[in-house]
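Peer 1: Quick one: the structure is below, and I'll ask about it shortly.
The values are calculated or read from the model by the stated rules, or taken from the named source; none is laboratory data. Values in this document were obtained by computation on a predicted structure and should not be read as measured data. Backbone-built Cβ (ideal geometry, glycine too); neighbour counts: all protein chains shown.
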Amino acid sequence: MDNASASAVEPAVLTTRDGAVLTATMNRPARLNAFNTAMHEGLANAVAEARDDKSVRVFVLTGAGRAFSAGQDLSDRTMGEDDAPPDLGHTLDTRYNPLVRSIRALPIPTVAAINGVAAGAALNIALTCDIAVASRSAAFLQPFANLGLIPDAGGTFTLPRLVGLGRARALALLAEKIDADTAERWGLVYKVFDDDAFASETAKITTRLASLPTDGLAAIKRAFDEAETNSLNAQLDAERDTQRIAGRHPDYREGVSAFVEKRKPNFIGRS
C-alpha cells in the first residue's frame, strides 16, 4: 500500500488505553494534525468514551508526529471569487464549541500533552484541559489576527485567566509565536519537559491522577468552575456543601484509614 492509500484509511484520531488512562491522539501528522470533519468526529467519540466508560479515570489529548495541532485545516476553506463566505459561527456551534464543552464537563482529570506546535483553536482546546504540559520543542500561537478573526474555542475566556489580560491581548493582537519556556513562565502550561523525557514525565502525571480518588478530583474541578462566577461568600458556601458530600464518600474514609495505617490507599474510582 502506498503512502497516499495508507493515509486515506488511517483514523484521524487514535485512542489507546494504559490502565485507567485513555489517550486520544490527533493523527493527521502530514497536515500537522489540522482539524477537519474526521478529526472532530474522532475526538467527539473519544471524549464520549472517556465520559461513559467508568473504568477511565484520566483523559489525555495529544498529537502524532511533530505537532500537537496546527488548528483548523484552512485547505478545507479555500474560496473562489464567486463562492459565498463560510458561516464560521455554524462551524463553532456544531464542532468546536461542543468539543470544548464536552472536555470541560468530563468528570475525570483531563491532560493536554502538547508535543509540538499548538496553534489556533487546537491550542485553546488544549487550554480547556485541567492540566497542560509541553515538550521543550513545542510552540504556541494564536494566529487569528492574521485572518481577521478572533480567538475562538474558548480562547478569549481561557487566555486572560491563565496569562493575564495584557498578555492575552498581545498574544491575540500580534499573533506572535512563543516558545515552551515562555509558555511555562507565563502560566500557559503547568510544566515543560525535555523532548526525550516528555512521554515518561507525562505518564508520571497521568499515573498519579489515575491513582487518586476520582470523584474527589471531579469535585475539585467543579469547585474551580463555580469559582469563576461566584462571589467569595457564595464560594465559601459552595465549598462547605461540596466538602460535606466529599466527607461522606467511601474514598475519604479509605484515605484517612490508609494514612493512619501507613499503607497505600485503595480508592474505588468513579462511582
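Peer 1: What pairs come out if I take residues in segment 230-243 that are closer than 19 Å to ALA218 by Cβ and pair them with residues that are at pLDDT 95 or above and assigned to a helix (DSSP H, G or I) whose C-beta lies under 6 Å away, six or more apart or interchain?
Peer 2: Sorted first by the residue in segment 230-243, then by its partner, the pairs are GLN235/ALA227; ALA238/GLU226; THR242/ALA219; THR242/ALA223.
Peer 1: Right, another one. Identify, from the list ASN124, ASN115, the residue that is touching a Gly at 6+ places or on another chain (Cβ under 6 Å) and without any contact (Cβ under 8 Å) to a residue 40 or more places away in the chain.
Peer 2: ASN124
Peer 1: Take PHE35 and decide whether it is under 13 Å from the mean Cα position of the chain (by Cα), surrounded by 16 or more Cβ atoms within 10 Å (Cβ to Cβ), modelled with pLDDT of 95 or more and under 24 Å from VAL9 (Cβ atoms).
Peer 2: Working: under 13 Å from the mean Cα position of the chain (by Cα): no; surrounded by 16 or more Cβ atoms within 10 Å (Cβ to Cβ): yes; modelled with pLDDT of 95 or more: yes; under 24 Å from VAL9 (Cβ atoms): yes.
Judged against the criteria, PHE35 is not a match.
Peer 1: If you don't mind, there's one more thing I want to ask. Does segment 132-147 contain any residue that is closer than 26 Å to VAL56 by Cβ and of a type outside the set (Gly, Ala, Ser)? Break it down stepwise before answering.
Peer 2: Of all residues in segment 132-147, those closer than 26 Å to VAL56 by Cβ come to 132-135, 138.
Filter again for of a type outside the set (Gly, Ala, Ser), leaving 133.
Scanning segment 132-147 turns up at least one residue that is closer than 26 Å to VAL56 by Cβ and of a type outside the set (Gly, Ala, Ser).
Peer 1: Let me ask you something else. (1) of a type outside the set (Lys, Arg); (2) in contact with a Ser or Thr (Cβ under 6 Å, 6 or more places away or on another chain); (3) farther than 23 Å from GLY42 by Cβ: which one isn't true of ALA183, the others all being true?
Peer 2: Looking at each condition in turn, ALA183 falls short on (2).
Peer 1: Just to be sure I understand, how many residues within segment 244-254 are surrounded by 15 or more Cβ atoms within 10 Å (Cβ to Cβ) and either farther than 16 Å from ILE220 by Cα or aromatic (Phe, Trp, Tyr) (or both)? Spell out how you get there, then give the answer.
Peer 2: So in segment 244-254, the residues surrounded by 15 or more Cβ atoms within 10 Å (Cβ to Cβ) come out as 246, 249, 251-252, 254.
Going one step further and asking which of them are either farther than 16 Å from ILE220 by Cα or aromatic (Phe, Trp, Tyr) (or both), we end up with 252, 254.
So the count comes out to 2.
Peer 1: With over 30 Å from ALA134 (Cα atoms), surrounded by 15 or more Cβ atoms within 10 Å (Cβ to Cβ) and not assigned by TED's automatic domain parsing to the domain that holds ASP179 as the only criterion, which of ASN266, ASN230 stands out? Quick ask: steps written out before the conclusion?
Peer 2: Details: ASN266 fails: surrounded by 15 or more Cβ atoms within 10 Å (Cβ to Cβ).
Going through ASN266, ASN230 in turn, the sole match is ASN230.
Peer 1: Please identify the pairs in which a residue from segment 33-62 that is over 26 Å from LYS204 (Cα atoms) has its Cβ atom under 6 Å from the Cβ atom of a residue that is exposed (fewer than 15 other Cβ atoms within 10 Å of the Cβ), counting only partners at least 6 apart or on another chain.
Peer 2: Final answer for the pair search is ASN36/ASP76.
Peer 1: Any residue at all in segment 74-96 that's under 14 Å from the mean Cα position of the chain (by Cα), surrounded by 14 or more Cβ atoms within 10 Å (Cβ to Cβ) and either of a type in the set (Ser, Thr, Tyr) or in the same structural domain as ASN146 (by TED's automatic domain parsing) (or both)? Can you show your working first?
Peer 2: Filtering segment 74-96 for residues under 14 Å from the mean Cα position of the chain (by Cα) gives 96.
Filter once more, so that each one left must be surrounded by 14 or more Cβ atoms within 10 Å (Cβ to Cβ): 96.
Narrowing the set further to residues that are either of a type in the set (Ser, Thr, Tyr) or in the same structural domain as ASN146 (by TED's automatic domain parsing) (or both) leaves 96.
Scanning segment 74-96 turns up at least one residue that is under 14 Å from the mean Cα position of the chain (by Cα), surrounded by 14 or more Cβ atoms within 10 Å (Cβ to Cβ) and either of a type in the set (Ser, Thr, Tyr) or in the same structural domain as ASN146 (by TED's automatic domain parsing) (or both).
Peer 1: Let me ask another. Could you list, ordered by first residue, the pairs with Cβ atoms under 7 Å in which the first is in segment 165-194 and acidic (Asp, Glu) and the second is crowded, with 17+ Cβ neighbours inside 10 Å and not in a helix (DSSP H, G or I), at least 6 apart or interchain?
Peer 2: That search, which allows pairs on different chains as well, returns ASP179/ALA139; ASP181/VAL192; GLU184/VAL192.
Peer 1: Can you work out which of the residues in segment 181-200 that are of a type in the set (Gly, Ala, Ser) and under 20 Å from ASN124 (Cα atoms) is surrounded by the fewest Cβ atoms within 10 Å (Cβ to Cβ)?
Peer 2: Within segment 181-200, the subset of a type in the set (Gly, Ala, Ser) is 183, 187, 197, 199-200.
Now drop any that are not under 20 Å from ASN124 (Cα atoms), which leaves 183, 187.
Numbers: ALA183: 22, GLY187: 12.
That would be GLY187.
Peer 1: Scan ILE178, ILE220, ILE205 and give me the residue that is at pLDDT 95 or above, more than 30 Å from ALA145 (Cα to Cα), surrounded by 12 or more Cβ atoms within 10 Å (Cβ to Cβ) and in the same structural domain as GLY71 (by TED's automatic domain parsing). Spell out the reasoning first.
Peer 2: Values: ILE178 fails: more than 30 Å from ALA145 (Cα to Cα); ILE220 fails: in the same structural domain as GLY71 (by TED's automatic domain parsing).
Among ILE178, ILE220, ILE205, only ILE205 is at pLDDT 95 or above, more than 30 Å from ALA145 (Cα to Cα), surrounded by 12 or more Cβ atoms within 10 Å (Cβ to Cβ) and in the same structural domain as GLY71 (by TED's automatic domain parsing).
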